[in-house]
1. Residue 232 passes all but one of (1) modelled with pLDDT under 90; (2) over 30 Å from residue 88 (Cα atoms); which number fails?
2. Collect the residues in the range 159-175 that are touching a strand residue (DSSP E or B) at 6+ places or on another chain (Cβ under 7 Å) and aliphatic (A, V, I, L, M), keeping them in residue-number order.
3. Looking only at the range 240-282, which residues are within 34 Å of the chain's Cα centre (by Cα) and part of a strand (DSSP E or B)?
4. Return yes or no: is residue 217 open to solvent by less than 80 Å² (accessible area, probe 1.4 Å), assigned to a helix (DSSP H, G or I) and either in contact with a Cys (Cβ under 6 Å, 6 or more places away or on another chain) or hydrophobic (A, V, I, L, M, F, W, C) (or both)?
5. Quick check on residue 5: is it touching a Ser or Thr at 6+ places or on another chain (Cβ under 6 Å) and either open to solvent by 10 Å² or more (accessible area, probe 1.4 Å) or touching a residue at least 60 places away in the same chain (Cβ under 8 Å) (or both)?
6. Looking for whichever is touching a Phe, Trp or Tyr at 6+ places or on another chain (Cβ under 7 Å) and part of a strand (DSSP E or B) here; the options are 211, 181. Which one fits?
7. I'd like the full set of residues that are among the polar types (S, T, N, Q) and in contact with a Phe, Trp or Tyr (Cβ under 7 Å, 6 or more places away or on another chain), limited to the range 264-282.
8. Return yes when residue 189 is open to solvent by 30 Å² or more (accessible area, probe 1.4 Å) and either of a type in the set (Ser, Thr, Tyr) or in a helix (DSSP H, G or I) (or both) and no when it is not.
Amino acid sequence: MRIAVPNKGRLHDPTLELLDRAGIGVENGADRQLYADTVDPDITVLYARAADIPEYVADGAADVGITGYDQVRESAVDDVAELLDLDFGKCRLVLAAPEDGDITEPGDLDGKTVATEFPTVTRDYFDGKGVDPEIVEVTGATELTPHVEMADAIVDITSTGTTLRVNRLAIVDEVLASSVRLFAREDVRDDPKVQQVETALRSVLDAAGKRYVMLNAPEDRLDDVKDVLPGLGGPTVLDVDEPGMVAVHAVVAERDVFEAVNDLKGVGASGILVTEIERLVE
């Protein structure tokens, strides 16, 4: 099975790190290499431009792909299905215009010009608004086009809005919210190997922000301990050699650990151990 991943840019390293944490780490992945093996002999990584990955998947060059939702929407390919939001690479595609101009809503652009690197998404957006501007495709420095009279407004990617503000552009509307997604061709989405990859990646996401708590507690205070540690469907309780004592294991949200540890000590818990969780399969 081939997984298409970004070959460079801001999504490259986080994608490879996620695969590694999911147990699908890349081996012998030298720079400028098109393919790389993984620790799973049945899975190969295919490096491609983030914008090309949806097409690679749709055409069968790869079975699954990892890239931004904005790239999937822009490609407008058929027969691909989103499997999982990987919760990184978050950004917004926004409509922006000169902050001192007269463009304050999408309707103001009817018959005017909008520059963008995302013509398909932009056209879909304006069609949904019933507005008909001229869409000019550019390949870079989109934010400069209103200042050189190439366009009245732009549709561009932003994470913090800093670049827009530096170029004296104000956001008029949000066109699309994006993050990195795992997607597959429709004809392989139910393949066992594809499902294994989805499960592996989901297990990493599910473990994020959680900690594993282990402790010993008096058996007669077990109900109090359970009130502190509800866990996933309740904590796991194990017998120990010490009479009148039990071992309790539970998964706790990281933000709750500080308070939980203090509450546990208050109900007689001892030997409290808190560890990180690499993967969590529910």
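The values are calculated or read from the model by the stated rules, or taken from the named source; none is laboratory data. Here the structure is a predicted model, which means the values were calculated and not measured. Here the Cβ positions follow ideal geometry from the backbone for every residue, glycine too, while neighbour counts run over all protein chains shown. When the accessible area is computed, the model is the full protein with side chains, heavy atoms only, and any ligands, DNA or RNA have been set aside. Shrake-Rupley method; radii C 1.70, N 1.55, O 1.52, S 1.80 Å.
1. In the conditions (1) modelled with pLDDT under 90; (2) over 30 Å from residue 88 (Cα atoms), residue 232 misses (2) alone.
2. Within the range 159-175, 164, 169, 170, 171, 172, 175 qualify.
3. Listed by number, the residues that qualify are 248, 249, 250, 251, 252, 253, 272, 273, 274, 275, 276.
4. So residue 217 does not fit the description; no.
5. yes
6. On the way: 211 fails: touching a Phe, Trp or Tyr at 6+ places or on another chain (Cβ under 7 Å).
The unique qualifying residue is 181.
7. 275
8. no
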